[in-house]
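Only the coordinates and a few stated rules stand behind these numbers; no lab work does. None of the values given here were measured: they were computed from a predicted structure. Methodologically, a virtual Cβ is constructed for each residue, glycine included, from the backbone with ideal geometry; neighbour enumeration extends over all protein chains shown.
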Amino acid sequence: MNRTVTTVTAALAVSVLAAGCAGGSTTAASTAAHVIPVVSSLPASGTVRLRGSPGKIYTVAGAGTTLRMADVSVRVVSVRWATSVPIPVVPPGTRIYAVIRLRVANPTSAPHSLPVTQIWLQAGRAYLASAGAVVAHPLVGALIPAGGSTTGTLVFPLPARPPAPMLLVYRSADATAIARATVLGLLRLS
């Protein structure tokens with residue numbers, strides 16, 4: 001009988017741990033009953049643990065789909081490349097700008113604003129969006145109502161056009177403390 005109690009307790013502990021680790025995205029939550037696979041490279045879509053990134057769970061959404069996380073959803077409306085965009089500070093080496101229009105939804109019961117550190121362009125390294133870019137409907141600092149969404153633009157100054165860029169998205173709860181984030185979203189642009 002002791003062995004049965006131990007087995008049931010162990011199974012419950014594994015289930016609770018899996019649910020706790022997976023709480024960052026709806027995709028991850030749906031796989032909580034299963035083991036999240038550990039992989040060497042990111043899949044086209046799905047939820048994985050990346051070898052070499054212990055303690056981190058990545059949910060990858062393919063191009064043209066919506067990345068859904070516990071407290072934010074992101075969908076690309078359009079991507080264009082420009083040689084000039086008015087921004088307050090042009091980083092040295094900037095030669096091109098990714099101008100990305102997004103629809104960002106807030107499924108929670110409280111409004112939140114989108115900090116500059118919540119969505120990055122991942123292209124070999126992470127690039128921060130330009131706060132203060134002069135574009136229609138800038139997303140940095142935009143208020144996203146509880147249970148609502150907003151559509152706006154992020155501008156990323158880059159040294160060159162990357163071959164396979166992705167958006168790196170942090171949960172709203174982690175956006176101002178990204179070093180501690182354990183659940184990350186990646187949204188493929190192509």
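Show the residues, 5+ positions off or on another chain, whose built amide H is closer than 5 Å to the amide H of residue 60.
46, 47, 48, 186
With a cap of 14 neighbouring Cβ atoms within 10 Å, and only residues DSSP puts in a loop, list the trypsin sites (Lys or Arg not before Pro) found in the range 83-190.
Working: sites: 95, 101, 103, 125, 171, 180, 188; in loops: 95, 125, 171.
Answer by residue number: 95, 125.
Can you list the HN-Hα couplings for the range 141-146, worked out from phi with the Karplus curve (6.51, -1.76, 1.60; θ = phi - 60°), rounded to whole Hz and with x for Gly and Pro?
x, 5, 7, 10, x, 4
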